[in-house]
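To start, the structure itself, in structure tokens.
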Amino acid sequence: MIDAGVAGTLRVAPSILAADFGALASAVELVHDETDWLHVDVMDGHFVPNVSIGPPVVQSLRRYSDKFFDCHLMLSQPERYLAAFAEAGADGCTVHVEIGGTAALISQMRELGLRVGLAANPDTPFERVEPFLDEIDLLLLMTVFPGFGGQSFMPEVLVKVRSAREAIDRRALKVDLEVDGGIDERSAPLAIAAGANVLVAGSAIFSRPDPLTAARALRELAQRARP
């Protein structure tokens with residue numbers, strides 16, 4: 001497994017959901033120099049109304065990247081696939097608190113040697129994830145409803161981001177705070193100022209004429225916005 005680095009460090013994590021699936025390896029290599037992690041969105045058509053990729057794609061992509069693979073499992077039954085993702089080359093997996101069974105999923109991920117992430121949808125209160133902060137490595141707060149790329153950032157989630165940052169800092173936890181959905185040049189500084197340290201960006205990077213330059217610009221804006 002690849003080391004995620006020091007918790008709390010500013011990271012840009014391009015989401016391959018917005019890349020050309022016919023040329024994923026090339027897309028990943030193109031943004032390599034401005035990539036800290038690689039965000040892999042996995043959707044089952046049940047928990048969210050879309051289907052994306054699975055372990056075979058992760059395994060294939062692993063040959064072309066030495067980055068930390070941050071796999072976001074938007075699945076109703078992630079327990080059935082965690083081992084397969086670990087074997088395919090995932091470094092960390094994030095499951096949703098909304099599906100329940102969180103304690104068991106955390107335990108399963110630890111046993112598999114995965115970095116543990118927990119996600120919450122925009123309308124899920126912070127109180128649902130707060131009891132697990134001591135047990136996880138990453139908290140992902142969705143800034144759109146998951147399922148499709150290219151959606152608009154929901155600024156109302158920033159209140160939850162601030163609450164999460166306050167709790168993480170107050171308890172001196174080594175937990176990364178990630179935001180995903182509608183992250184671009186306008187929303188990224190807002191999310192960073194609110195306390196996020198990991199930015200997942202898809203369209204704002206891979207849909208631009210020069211993805212590498214777009215990723216670099218996003219990082220520079222985020223660095224200037226850090227409290």
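Any read-out appearing in this document is the output of simple, stated calculations on the displayed coordinates, not a laboratory observation. Just so you know, these numbers come straight off a predicted model, no measurement behind them. Heads up, the Cβs are rebuilt from the backbone with ideal geometry, glycines too, and the neighbour counts pull from every protein chain shown.
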- Message: So, R0 is 22 Å and r is the distance between the beta-carbons of ALA193 and ASP123; what FRET efficiency does that work out to, to 0.05?
- Response: 0.45
- Query: If exposed chymotrypsin sites (Phe, Trp or Tyr not before Pro) are those in a DSSP loop with at most 16 other Cβ within 10 Å, what is the longest stretch of the chain that has none?
  - Reply: 65-147
- Message: Please report the antiparallel percentage of DSSP beta bridges with both residues in region 1-83, rounded to the nearest 5.
- Response: 10 percent
- Contour excess over end-to-end distance, with Cα ends at ALA103 and GLU185 and 0.36 nm allotted per residue: 25.9 nm
- Query: Hey, could you pull the Cα Rg and Dmax for region 86-136, both in Å?
  - Reply: 11.1, 33
- Here FRET efficiency (C-beta to C-beta, LEU112 to ARG162, R₀ 25 Å, nearest 0.05) is 0.20
- Two pseudo-spin positions, 7 Å from Cα along C-beta at ASP210 and at MET154, lie apart in nanometres by 3.5 nm
- Query: Running Debye on the chain with equal point scatterers at the Cα sites and no solvent, what base-10 log of I(q)/I(0) appears at q = 0.11, 0.14, 0.15 Å⁻¹?
  - Reply: -0.47, -0.79, -0.92
- Item | Cα-only radius of gyration and Dmax that characterise region 91-178, units Å | 12.7, 37
- Task: Kindly rank 49-55, 5-11, 114-120 from highest to lowest mean number of other beta carbons found within 10 Å of each residue.
- Result: 114-120, 49-55, 5-11
- Note on the structure: Under the helix-only model (-39500 (n - 2.57) for each DSSP H run of 4 or more, divided by the residues of the chain), the mean residue ellipticity at 222 nm, to 500 deg cm²/dmol, is -9000 deg cm²/dmol
- Query: Three principal axis extents, largest first, for the C-alpha atoms of region 117-227, in Å?
  - Reply: 42, 29, 21
- Give me the distance between the Cα centres of region 127-163 and region 165-188, rounded to whole Å. 8 Å
- Task: Pop out the Kirkwood hydrodynamic radius of region 1-121 from its pairwise C-alpha distances, inverse of mean 1/r, in Å to one decimal.
- Result: 14.5 Å
- Message: Please report the antiparallel percentage of DSSP beta bridges with both residues in region 11-225, rounded to the nearest 5.
- Response: 5 percent
